[in-house]
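A.B. asks: Got a structure for you, questions after.
Just so you know, all these numbers are worked out from the coordinates, no wet-lab data involved. Just so it is clear, the model here is predicted, and its values are computed rather than measured. Heads up, the Cβs are rebuilt from the backbone with ideal geometry, glycines too, and the neighbour counts pull from every protein chain shown.
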Amino acid sequence: MAIRTILHYPDPCLRERARDIDEVDDTLRKLIEDMAETMYDAPGVGLAAPQIGESVRLFIVDVAGEDDPSDLRVFINPEIVDKNGEQIFQEGCLSFPGVYEDITRAAEVKVRATDENGASFELEADGLLAVAIQHENDHLDGVLMLDHLGVLKKRIVHRKMLKHGR
Ligand code: NI
């Protein structure tokens, strides 16, 4: 396993639409291990492959509390198939160090994806897990937390990242 470098905004890789994953093999599982190690080291509750420069449709989340056992979930080629309600949560992103902003998202989501063993699954999530799934899924389409902010906040965060981001 290896801790990988997390790309920071405005790295252009973060803006790409990631491509589908054709095969869940050992190479992919190695990438997942690296992502987990990188996420726990940061530390963060989610990490998408494009954030470490791998433009493929894969993200991981672990929203377990500090004192709880880990709850790593792997989403390959995910698709959010249903959304309900609304919640506001103060989000951070490992690609925006030091930035925390209130973002409005769906309160509940239903997601379909493939796991690290190649099995497809469906999951209904709410609360922080729903936030993390929506945030990380955005990364696969090159959408960033910045894009959920109003014009003024967007400009402030953009400037802050240009100044301190690297
Ligand atoms: Ni993020």
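A.B. asks: Over segment 115-166, one equal point on each Cα, no solvent: what is log10 I(q)/I(0) by the Debye formula at q = 0.21 Å⁻¹?
C.D. replies: Log10 of I(q)/I(0), two decimals: -0.90.
A.B. asks: Residue separation times 0.36 nm, minus the C-alpha to C-alpha distance between HIS158 and GLU124: what's the value? Provide the component values of the computation, followed by the final result.
C.D. replies: Numbers: separation 34, 0.36 × 34 = 12.24 nm, distance 3.32 nm.
My answer for the length gained is 8.9 nm.
A.B. asks: For the chain, what is the calculated [θ] at 222 nm in deg cm²/dmol (nearest 500), taking -39500 (n - 2.57) for each run of four or more DSSP H residues and dividing by its residue count? Mind dumping the intermediate values first?
C.D. replies: Values: 3 runs with 44 residues, N = 166.
Estimated from H runs of four or more residues: -8500 deg cm²/dmol.
A.B. asks: Would you please name the GluC sites (Glu not before Pro) within segment 1-40 that are DSSP coil residues with at most 16 other C-beta atoms within 10 Å of their C-beta? All intermediate terms of the calculation are to be shown ahead of the outcome.
C.D. replies: Details: sites: GLU16, GLU23, GLU33, GLU37; in loops: GLU16, GLU23.
Filter output for segment 1-40: GLU16, GLU23.
A.B. asks: Here's another thing I want to ask about it. For the peptides 64-71, 117-124, what is the packing order when you average, over each peptide's residues, the other Cβ atoms within 10 Å and list the highest mean first?
C.D. replies: Numbers: 64-71: 8.2, 117-124: 11.6.
Final packing ranking: 117-124, 64-71.
A.B. asks: Still on this structure, I have one more. Loop only per DSSP, at most 11 neighbouring Cβ atoms within 10 Å: give me the trypsin sites (Lys or Arg not before Pro) in segment 1-93, ordered by residue number. Please list the in-between numbers first.
C.D. replies: Details: sites: ARG4, ARG15, ARG17, ARG19, ARG29, LYS30, ARG57, ARG73, LYS83; in loops: ARG4, ARG17, ARG57.
Taking segment 1-93 and a limit of 11 other Cβ atoms within 10 Å, the loop trypsin sites (Lys or Arg not before Pro) found are ARG17.
A.B. asks: Please give the residues of segment 113-137, grouped as numeric ranges, whose backbone N is less than 20 Å from a label point set 7 Å along the Cα-to-Cβ vector of ASP67.
C.D. replies: 128
A.B. asks: Also, quick follow-up: Using 0.36 nm per residue of separation minus the Cα-Cα distance, give me the extension gain between ASP102 and ASN84 in nm, one decimal. Spell out each step's value before the answer.
C.D. replies: Working: separation 18, 0.36 × 18 = 6.48 nm, distance 1.85 nm.
Going from the current span to full extension adds 4.6 nm.
A.B. asks: Most mobile of ALA106, ALA49, ALA130 per a Gaussian network model of the chain (Cα springs, under 10 Å)?
C.D. replies: Checking each option, the largest mean-square fluctuation is seen for ALA106.
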